[in-house]
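Student: Sharing a structure here in structure tokens format.
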Amino acid sequence: MSDSAIYWGRVTHQRFLPRPHAFDYRVMMFMIFLDELEEIDRDVRHLVLEGRVTEVDQPVRVSNRLPGRYVLRRRDFLPTYEGTLKQAAHSAYRDLVGSEAPGRVAVLANLASLGWNFNPITLYFFYDGTQVACTIAEVTNTPWGERHLYVLGPPGTVEFDKAHHVSPFLEMAGRYRLTYSSPAPTFRLAMTLFDPATDSPQELGARRFAATMSFDRVELASREVARASRRYPDMAFRVSLRIYVQAARLFAKRIKYVPHPTSAKGVTNVPNH
């Protein structure tokens, strides 16, 4: 019995300043335990591996771009780290946390379909036994495709400074409050961006933006991947398209355009809850 899963649910975005703007979409994401990759490759139809996801380097095939398949591509995850996906995750943990990963690793993300993939956020859950000991979030911005790693610590609530230019319609200055649960039959993540307080950079000012992810779990199986490919044959493309559609709507509302700042260090460690 596999611990890997598909999470079905909704993503919501809401802006409060300088003008209200909100939307929500139905989505699905895959949660893959990296020690199950060979089993998944063997037993789960419609989900294929590409590149050095495992020790067996899988070739790029034209068939991987056809409808009805989801593709776990090595190049879509932690590309600056070498080795298999599991080795890359362990290296990132060692580099960012300063110790060896305690146990299993699971990745929650979109997989490629129709030759396209994009993940605004990828979550790497590091387990100690049956409990999530730490999570690393890999955030990718649009349209630049730059990545930033946030070390979130264990499930709960954490606050940290904004360090990545995720949108040309959001100022860099700000502070996040993020709450997430351990993946189970349900999974929820809620994040709010606050303006800096005028009297202290560590205090929270006005609420500017909020996003949530609310999911229900089903076990990863061939029938569920087939259902996902029928319902969302272009999930990652939809994510990218929706980003640009909402950007156009923000532009129409005359939301201030924020030029890309000088790149900051690509890691934020926020272990304290």
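The values are calculated or read from the model by the stated rules, or taken from the named source; none is laboratory data. Since this is a predicted model, take the numbers as computed values, not measurements. We place every Cβ from the backbone using ideal geometry, glycine too, and count neighbours over all the protein chains shown.
Student: Name every residue in region 65-99 that is surrounded by 18 or more Cβ atoms within 10 Å (Cβ to Cβ), part of a helix (DSSP H, G or I) and either touching a Gly at 6+ places or on another chain (Cβ under 6 Å) or of a type in the set (Phe, Trp, Tyr) (or both), in order of residue number.
Tutor: ARG74, TYR93
Student: Search region 241-254 for residues that are aromatic (Phe, Trp, Tyr) and pair each with any residue that is at pLDDT below 95 when their beta-carbon atoms are under 9 Å apart and the residues are at least 6 apart or on different chains.
Tutor: TYR244/THR142; TYR244/PRO143; PHE251/PHE169; PHE251/TYR257
Student: Which members of region 22-58 meet the condition of being closer than 30 Å to ALA252 by Cα and either of a type in the set (Phe, Trp, Tyr) or surrounded by 17 or more Cβ atoms within 10 Å (Cβ to Cβ) (or both)?
Tutor: Matches in region 22-58: PHE23, TYR25, VAL27, MET28.
Student: Using the structure shown, decide if ALA210 is surrounded by 16 or more Cβ atoms within 10 Å (Cβ to Cβ), in contact (Cβ under 8 Å) with a residue 40 or more places away in the chain, in a strand (DSSP E or B) and in contact with a Ser or Thr (Cβ under 7 Å, 6 or more places away or on another chain).
Tutor: Here the answer is yes, as ALA210 does meet what is asked.
Student: Can you find a residue in region 107-117 that is on the phi < 0 side of the Ramachandran plot, of a type in the set (Phe, Trp, Tyr), modelled with pLDDT of 95 or more and outside any loop (DSSP other than H, G, I, E, B)?
Tutor: yes
Student: Only residues that are surrounded by fewer than 19 Cβ atoms within 10 Å (Cβ to Cβ) and in contact (Cβ under 8 Å) with a residue 40 or more places away in the chain: list them for region 171-198, please.
Tutor: Of everything in region 171-198, those that are surrounded by fewer than 19 Cβ atoms within 10 Å (Cβ to Cβ) and in contact (Cβ under 8 Å) with a residue 40 or more places away in the chain turn out to be GLU171, MET172, SER182, ASP195.
Residue-wise test of (1) small (Gly, Ala, Ser); (2) surrounded by fewer than 17 Cβ atoms within 10 Å (Cβ to Cβ); (3) within 22 Å of the chain's Cα centre (by Cα).
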position: VAL166; (1), (2), (3): no, no, yes
position: LEU220; (1), (2), (3): no, no, yes
position: VAL225; (1), (2), (3): no, no, yes
position: TYR244; (1), (2), (3): no, yes, yes
position: VAL258; (1), (2), (3): no, yes, no
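Student: Just for region 100-157: of the residues that are without any contact (Cβ under 8 Å) to a residue 60 or more places away in the chain and among the charged types (D, E, K, R), which one is surrounded by the most Cβ atoms within 10 Å (Cβ to Cβ)?
Tutor: ASP128
Student: Determine if region 7-14 includes at least one residue that is farther than 23 Å from PHE237 by Cα and not hydrophobic (A, V, I, L, M, F, W, C).
Tutor: Within region 7-14 (the criterion being farther than 23 Å from PHE237 by Cα and not hydrophobic (A, V, I, L, M, F, W, C)), the answer is no, since none of the residues qualifies.
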